Amino acid sequence: SSDVCSSDLLRLPNMETPTFVLASASPARKGLLETVGINPVAIASDFDESEIKLREADLLVETLAKCKAETIATAIRNNSISYIRDLGSSLVLGCDSLLVIGGEIYGKPANAVEAIARWKRMRGQVGQLYTGHVLIDLRRDKSLKRVGVTQVYFARVGDEEIEAYVASGEPLKCAGCFALEGKGGLFIEKIEGCYSNVIGLSLPLLREMLGELGYSVRDFWQQSDKMY
C-alpha cells in the first residue's frame, strides 16, 4: 500500500461506504468509534508485538499499528474472514498505544507487581501517551500512517491508592498502566492534547485521515443497520 498525501484527496460520492474494520479487540477503541456513530467490525489481529524491536516511541507505535492493520487486511484479501460483507471495499484501522516517561517506553504491565512499581515511578510525573494509527483502504490499495501524542500529568498518588487501583485489575489491561476513562481518571491531574488519543485512538486524527482518503465520518453514520 502507498501513502496518500493531501493532493490525492478525492470524494467518492457514487460508491458505497466501505465496511469499517477495527483491527483490535480493545473495548475502549470500539467504544470510542461507536460513540461517534461508527459501528466497526472488531477483529483481534493477534500480531506478536514482541517481534518488533524499536527504541523510538513514535516509530514503534506506528509500526505496531501498521502490522496489526496489515494482518487483518491480508486476511480479508485472502477471504479468511467470511462474515465481512463486500470484502474488497473494507477500510481497516490498526492502532497501538504506549507511554513514555523520562525517556523510557512503557506498554501494558506484565503483572500486578510490575504495575505497582510502575505507578510509584509515574506518580507526580508527566508522561507522553503515543498512539499510532494506520488506515488501509482496500478498495484503492492506499494507506495512511499517523501518530498522536498527548501529555499526561499524573497525580501524587499514595501507596494504598496505588495498590487498590492495581487490585481492581484495570491497569493490567492498559498501555501506560491506567485507563483515563475508568478509575484511572481519578489519578490524572490534567492532559494536554487529544483526550481520546489517551483512550486508544484520536478521533480528530481519524476524521482527518478519512478525509484524506476521500471519505467523511458522516458516510459511516448510516452503517449501524448493516448486517455482516
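The values are calculated or read from the model by the stated rules, or taken from the named source; none is laboratory data. Being a predicted model, the structure only gives us computed values, none of them experimental. When we count neighbours, we look across all protein chains shown, and the Cβ atoms used for this are built from the backbone with ideal geometry, even at glycine. These area figures cover heavy atoms from the full protein model, side chains too; ligands, DNA and RNA do not enter into them. Shrake-Rupley method; radii C 1.70, N 1.55, O 1.52, S 1.80 Å.
For the chain, the per residue solvent-accessible surface stands at 48 Å², with DNA, RNA and ligands left out and a 1.4 Å probe. Counted by Cβ distance under 12 Å from Glu189, the other residues give a net charge of +2, where Lys and Arg count +1 and Asp and Glu count -1. Computed with a 1.4 Å probe over protein heavy atoms only, the accessible area of Trp221 comes to about 130 Å².
Normalised by the number of residues in segment 101-220, the average gap of Cα pairs under 8 Å and 6 or more apart makes the relative contact order 29 percent. Take the Cα of Asp48, step 7 Å toward its Cβ, do the same at Ile191, and the gap between the two points is 3.3 nm.
For the chain, the Cβ-based charge dipole about the Cα centre amounts to some 180 debye (Lys, Arg positive; Asp, Glu negative; other atoms uncharged). Computed in the context of the full set of protein chains, the accessible area of the chain at 1.4 Å probe radius has 49% of its extent on carbon or sulfur.
With the convex hull drawn over the C-alpha atoms of segment 92-228, the volume per residue is 135 Å³. Between Asp159 and Arg207, the distance separating the two model label sites (each 7 Å from Cα on the Cα→Cβ line) works out to 4.6 nm.
Using alpha-carbon pairs under 8 Å, 6+ residues apart, how would you state the relative contact order of segment 38-138 in percent?
Dividing the mean separation by the residue count of segment 38-138 yields 36 percent.
Computed over the chain with a Gaussian network model linking Cα atoms closer than 10 Å, the most mobile of Leu33, Leu186, Leu99 is Leu186. Here's the picture: charge each Lys and Arg Cβ at +1 and each Asp and Glu Cβ at -1 in the chain, and of Leu144, Gly124, Thr19 the one pushed furthest to the positive end of that dipole is Thr19. When the Cα positions of Ala42, Leu213, Ala75 are compared along the charge dipole of the chain, Leu213 comes out farthest toward the positive end, with charges on each C-beta of Lys, Arg, Asp and Glu. For the chain, relative contact order (Cα pairs under 8 Å, six or more residues apart, normalised by length) works out to 25 percent. Helix 112-122 and the long axis of the chain differ in direction by around 80°, with both axes built from C-alpha atoms. Taking the Cα centre of segment 120-203 as reference, the dipole from Cβ charges on Lys and Arg (+1) and Asp and Glu (-1) amounts to some 460 debye.
In the chain, helical runs assigned H by DSSP with n ≥ 4 each contribute -39500 (n - 2.57); averaged across all residues and rounded to the nearest 500, the mean residue ellipticity at 222 nm is -8500 deg cm²/dmol.
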